[in-house]
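Inspection log for the structure reproduced underneath, given as structure tokens.
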Amino acid sequence: MPQGRTGAPGPQGPFAPGHVGVPAPAGADSGAGAEPRFREGAGWGKEPAAGVGPASHAEPAQRTGAEPLAQLTALLAHRSADPADPHCAAHLHCPPLAVAVAADLAVSALNPSQDSWDQAPAATALETLLLKELAHLVGYEPGTAAGVMTSGGTESNLMGLMLARDQVLGAATGRPVELTGLTNHPRAPRTPRILASASAHFSVQRAAALLGLGEDAVLPVPVDHHLRMDADALATALDACAHRGELPVAVVATAGTTDTGAVDPLRACAALAARHGAWLHVDAAYGGGALLSDRLAPLLDGLGLADSVSLDWHKLGWQPAAAGVFLVRKAETYASLARRAAYLNPADDEEAGYPSLLGLSLRTTRRADAFKIAVTLRTLGREGLGRLVDACHDLALAGAKAVRDHPRLDLYAEPVLTAFLFRYLPTHTDTGTNPDPDPDPSRTDAINAALRRRLLREGRAVVGRTELPGTGPGRVRLKLTLLNPHTTPAEVERLLHMVVAAGRAEEDAGL
């Protein structure tokens with residue numbers, strides 16, 4: 001289990017000790033309970049402490065090295081949300097393990113850079129070995145796979161789609177598009193398409209724009225009630241692409257959507273992508289943590305069929321950010337990223353046995369982020385980490401039951417991993433009840449959005465907020481993402497009661 005919370009919850013909620021209120025944004029809600037932009041507290045709403053801030057010109061002789069660190073750390077902590085607090089449950093924002101924090105500090109002190117062997121000989125070897133282990137974990141053959149540490153799912157998704165572009169469009173045009181670009185080909189490519197579920201991460205569209213394909217190249221595939229990609233809808237969309245003469249460059253499947261943890265049908269996605277000659281990239285930034293759990297690992301059946309995979313160990317891996325991983329099934333598909341810089345990875349050095357990771361990453365200077373993961377695995381092993389995953393899954397199941405059992409709360413769907421969506425059901429103004437169907441979905445949306453801000457404004461809780469796919473009112477949902485295995489079901493239930501109390505307060509205020 002994690003070696004203690006990184007911060008104990010104080011009486012005022014999930015913000016650091018001394019907190020007396022969250023800084024509200026400009027134009028924050030006015031009326032009952034509204035706060036000024038910065039409430040008074042240590043360092044906020046007052047003159048800065050001596051020596052703090054860009055205007056400080058104190059002579060070095062007047063201060064020790066510890067003083068600025070202590071002062072600025074206090075300011076940072078004073079307005080920080082504590083992911084170890086049971087009332088901080090909005091995002092895929094984990095409380096890091098103490099051993100991983102210590103390992104990260106060691107890396108910061110040694111400061112190896114992964115862009116050349118002579119800057120990071122030990123870290124280069126360690127990352128290479130770790131990635132072989134992770135390739136095996138996802139179902140790849142370690143001897144033929146390849147990968148790199150990344151800043152997270154956004155970078156990993158960009159890399160997966162970049163390689164998809166280079167492989168599929170390159171084959172279609174007979175030209176290395178990473179060199180020649182997307183225009184002026186004697187064999188003009190068909191209109192490229194990327195197919196991803198309507199619940200896929202927004203970084204898919206961003207990657208398409210950065211790669212010169214354009215966000216409109218991304219076709220959203222319908223999802224079911226659990227926000228899982230509909231395999232029949234994907235088949236229909238791919239057939240429609242072929243009928244229109246378009247080129248499916250990639251299918252992006254999600255293993256663990258941000259909102260519900262839904263896992264797309266990976267085997268079906270792999271078969272359909274292969275049938276149409278498309279690259280399959282699986283965004284498992286969240287759901288990849290299920291591979292650590294014997295209970296949940298079967299959800300990712302078929303992951304090893306993907307051409308590339310994203311993993312984030314700073315989610316269900318309890319690492320300090322950043323701890324992203326990008327993997328490809330076949331190392332030769334990495335060819336378009338290969339780069340030679342004489343001052344970093346000269347060919348004769350590599351031939352002499354000094355390997356370089358430069359051609360595996362989009363970045364040059366890069367931290368040794370593999371080290372903290374390796375230390376964590378050596379300390380806890382897959383079994384120990386799996387127990388943490390299972391504890392958070394159990395917590396989500398208990399929280400969902402508490403929602404179902406409360407007359408003023410409405411559960412959207414059962415948890416798949418460690419997150420679930422729900423909403424507060426306001427009293428209908430005419431009848432004094434909360435009937436189904438909702439007679440005023442716009443008011444329900446407004447109250448749920450406002451109660452979340454109330455909890456933030458009062459410094460009591462950090463609860464997530466999202467919207468279901470579709471159009472029109474009635475789609476706003478609250479979200480709990482439970483990543484602290486030390487949190488108890490009773491604490492989650494107390495958080496839900498706080499949501500209800502905030503909802504009633506919003507109704508009393510006139511919403």
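The values are calculated or read from the model by the stated rules, or taken from the named source; none is laboratory data. Everything quoted here is computed from the prediction, not taken from an experiment. In this analysis, Cβ positions are derived from the backbone assuming ideal geometry, glycine residues included, and neighbour counts consider all displayed protein chains. These area figures cover heavy atoms from the full protein model, side chains too; ligands, DNA and RNA do not enter into them. Shrake-Rupley method; radii C 1.70, N 1.55, O 1.52, S 1.80 Å.
Observations, loosely collected:
- If only residues of the stretch 315-324 that are under 20 Å from residue 200 (Cα atoms) and out of contact with any strand residue (DSSP E or B) (no Cβ under 7 Å at 6 or more places or on another chain) are counted, the one that is least open to solvent (accessible area, probe 1.4 Å) is 316.
- Residue list for the stretch 371-429, filter: among the β-branched types (Val, Ile, Thr) and either open to solvent by less than 20 Å² (accessible area, probe 1.4 Å) or within 20 Å of the chain's Cα centre (by Cα) (or both): 373, 376, 389, 403, 416, 418
- Residue within the stretch 161-173 that is surrounded by 18 or more Cβ atoms within 10 Å (Cβ to Cβ), among the polar types (S, T, N, Q) and in contact with a Pro (Cβ under 6 Å, 6 or more places away or on another chain) present: yes
- Verdict on residue 334 being open to solvent by less than 70 Å² (accessible area, probe 1.4 Å) and modelled with pLDDT of 90 or more: yes
Yes/no per residue for (1) touching a Cys at 6+ places or on another chain (Cβ under 9 Å); (2) within 30 Å of residue 423 (Cβ to Cβ); (3) open to solvent by 30 Å² or more (accessible area, probe 1.4 Å):
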| position | (1), (2), (3) |
| --- | --- |
| 248 | yes, no, no |
| 255 | no, yes, no |
| 293 | no, yes, no |
| 313 | no, no, no |
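- Filter result (out of contact with any strand residue (DSSP E or B) (no Cβ under 8 Å at 6 or more places or on another chain), more than 17 Å from residue 463 (Cβ to Cβ) and not hydrophobic (A, V, I, L, M, F, W, C)) within the stretch 64-94: 64, 65, 67, 68, 71, 73
- Flag for residue 186 being open to solvent by 30 Å² or more (accessible area, probe 1.4 Å), at pLDDT 95 or above and not hydrophobic (A, V, I, L, M, F, W, C): no
- Selection count, the stretch 450-475, where residues are open to solvent by 10 Å² or more (accessible area, probe 1.4 Å) and of a type in the set (A, V, I, L, M, F, W, C): 3
- Residue that is touching a helix residue (DSSP H, G or I) at 6+ places or on another chain (Cβ under 6 Å) and surrounded by 15 or more Cβ atoms within 10 Å (Cβ to Cβ), where the choices are 288, 302: 302
- Counted residues, the stretch 81-115 - those being among the small types (Gly, Ala, Ser) and either outside any helix (DSSP H, G or I) or within 16 Å of the chain's Cα centre (by Cα) (or both): 5
- Remark: pairs (first residue in the stretch 136-165, closer than 17 Å to residue 359 by Cα; second residue of a type in the set (Phe, Trp, Tyr) and surrounded by fewer than 24 Cβ atoms within 10 Å (Cβ to Cβ); Cβ separation under 6 Å; 6+ apart in sequence or on different chains) = 146/334.
- Among the candidates 216, 118, the residue that is open to solvent by 50 Å² or more (accessible area, probe 1.4 Å), over 26 Å from residue 313 (Cα atoms) and within 24 Å of the chain's Cα centre (by Cα) is uniquely 216.
- Screening the candidates 452, 443 for the property of being of a type outside the set (S, T, N, Q), without any contact (Cβ under 8 Å) to a residue 60 or more places away in the chain and either under 27 Å from residue 316 (Cα atoms) or in a helix (DSSP H, G or I) (or both) yields one hit, 452.
- Taking (1) within 22 Å of residue 487 (Cα to Cα); (2) in contact with a strand residue (DSSP E or B) (Cβ under 8 Å, 6 or more places away or on another chain); (3) among the charged types (D, E, K, R); (4) not in a loop (DSSP other than H, G, I, E, B) in turn, residue 387 satisfies each apart from (2).
- Residue within the stretch 350-367 that is open to solvent by 50 Å² or more (accessible area, probe 1.4 Å), within 30 Å of residue 336 (Cα to Cα) and in contact with a Leu (Cβ under 8 Å, 6 or more places away or on another chain) present: yes
- Once the stretch 39-97 is narrowed to residues that are surrounded by 12 or more Cβ atoms within 10 Å (Cβ to Cβ) and basic (Lys, Arg), the residue that is modelled with the lowest pLDDT is 39.
- Residue 158 passes every criterion in (1) part of a helix (DSSP H, G or I); (2) more than 21 Å from residue 286 (Cα to Cα) apart from (2).
- First in the stretch 347-371 and in contact (Cβ under 8 Å) with a residue 60 or more places away in the chain, second anywhere and basic (Lys, Arg) and open to solvent by 50 Å² or more (accessible area, probe 1.4 Å), Cβ under 7 Å, 6 or more apart: 358/339
- Complete set of residues in the stretch 262-285 that are of a type in the set (Gly, Ala, Ser), in contact (Cβ under 8 Å) with a residue 60 or more places away in the chain, buried (at least 19 other Cβ atoms within 10 Å of the Cβ) and out of contact with any Ser or Thr (no Cβ under 7 Å at 6 or more places or on another chain): 278
- Qualifying residues in the stretch 201-213 (those that are modelled with pLDDT of 95 or more and small (Gly, Ala, Ser)) - the one nearest to the chain's Cα centre (by Cα): 203
- Criterion (of a type in the set (D, E, K, R), at pLDDT 95 or above and not in a helix (DSSP H, G or I)) met by exactly one of 438, 410: 410
- Lone unmet requirement of (1) acidic (Asp, Glu); (2) in a loop (DSSP other than H, G, I, E, B); (3) within 20 Å of the chain's Cα centre (by Cα) for residue 141: (3)
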